[in-house]
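Asks: Below you'll find the structure I mean.
The values are calculated or read from the model by the stated rules, or taken from the named source; none is laboratory data. Keep in mind that what you see is a predicted model, and the values were worked out from it rather than measured. Don't worry about glycine lacking a Cβ; one is built from the backbone with ideal geometry, like all the others, and counts go over all protein chains shown. The area values use the complete protein model at the heavy-atom level, side chains included, leaving out ligands, DNA and RNA. Shrake-Rupley method; radii C 1.70, N 1.55, O 1.52, S 1.80 Å.
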Amino acid sequence: MTLKTFHFAGVASMNITQGVPRIKEIINAVKTISTPLITASLTNDKDEKLARRVKARIEKTTLGEVCEYMEEIYMPDRCFVLIKLDARRIRLLQLEVAMHTIIRSIISAKLPIKITEGQIEILGKTMLLISPVQSDKSSVVMSMQYMKYHLSDVVIKGLPNITRCVINADERKGDSYNLLVEGTDYLEVLATPEINPRNTKFNNALIVAEVLGIEAARTCIISEILSTMESHGIGLDRRHVMLLADLMTSR
């Protein structure tokens, strides 16, 4: 009965699939598991400020989250979308972004209306002004509304396939911090500066096999099965699980 239930396991209200559904996922080697979780360790796990900085590098931040307002401005001779960035919030979130990186993100974003560098002007330190492509009246209004609607979703920092990232304080080791990352960008997380790639784990064996090779995937299968069983109070002999993992990875 305990194995059948879904429940919150672990930390920081990260909902992790447990029990029979999780064991099934591991043994069937499911490509897209229901709760992908990367446990990332830091180069200096005692430094909370460093943890916040690295979190800002990994977690997806959109333009809408860091601007005070985004308005359509219509004037007799021209019209544009005015974006005012919130410098204080950017500092608080410890985001490593500047005007040119935000502009680059806007230009490279996959928007329904392509925005080029010529359409963007910088006003002062925190304002951006984006003009629509000039054509007939009705389409200008449409493209203005389209731009305003889609610009707030432009990702200016972070990895696209990460839904969230939580700083986890490990009480067992004193004040040490690691990051719990929900998402599938394992390779990109490993390549993030200040992450210690040697101790960064991911609970999806297939992706571990792609990134680190089959031996790492075998180790991942063993540790995942053992930890799932142990969280329900079932002790397994490691050798049974090693036999299973060997069989799964031998081909």
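Asks: Counting only residues that are out of contact with any helix residue (DSSP H, G or I) (no Cβ under 9 Å at 6 or more places or on another chain) and not hydroxyl-bearing (Ser, Thr, Tyr), which one in the stretch 209-239 is least open to solvent (accessible area, probe 1.4 Å)?
Replies: So the residue we want is GLY213.
Asks: Now for a different question. Is it true that GLU68 is under 19 Å from PRO132 (Cβ atoms), touching a residue at least 12 places away in the same chain (Cβ under 8 Å) and either not acidic (Asp, Glu) or not in a helix (DSSP H, G or I) (or both)?
Replies: no
Asks: Oh, and also: Looking for whichever is under 30 Å from THR184 (Cα atoms), open to solvent by less than 40 Å² (accessible area, probe 1.4 Å) and not in a loop (DSSP other than H, G, I, E, B) here; the options are ILE83, ILE107, ILE103. Which one fits? Break it down stepwise before answering.
Replies: Details: ILE83 fails: under 30 Å from THR184 (Cα atoms); ILE107 fails: open to solvent by less than 40 Å² (accessible area, probe 1.4 Å).
Answer to the check: ILE103.
Asks: For LEU206, are the conditions met, namely being closer than 18 Å to GLY183 by Cβ and open to solvent by 40 Å² or more (accessible area, probe 1.4 Å)?
Replies: Taking the combined requirement at face value, the residue satisfies it.
Asks: I'm told LYS46 meets every condition in (1) out of contact with any Lys or Arg (no Cβ under 6 Å at 6 or more places or on another chain); (2) surrounded by fewer than 16 Cβ atoms within 10 Å (Cβ to Cβ); (3) in the same structural domain as MET99 (by the TED database) except one. Can you identify the failing condition by its number?
Replies: (3)
Asks: Can you pull out every residue in the stretch 125-173 that is assigned to a loop (DSSP other than H, G, I, E, B) and open to solvent by 40 Å² or more (accessible area, probe 1.4 Å)?
Replies: Those that are assigned to a loop (DSSP other than H, G, I, E, B) and open to solvent by 40 Å² or more (accessible area, probe 1.4 Å): LYS125, VAL133, GLN134, SER135, ASP136, ASP153, PRO160, ASN161.
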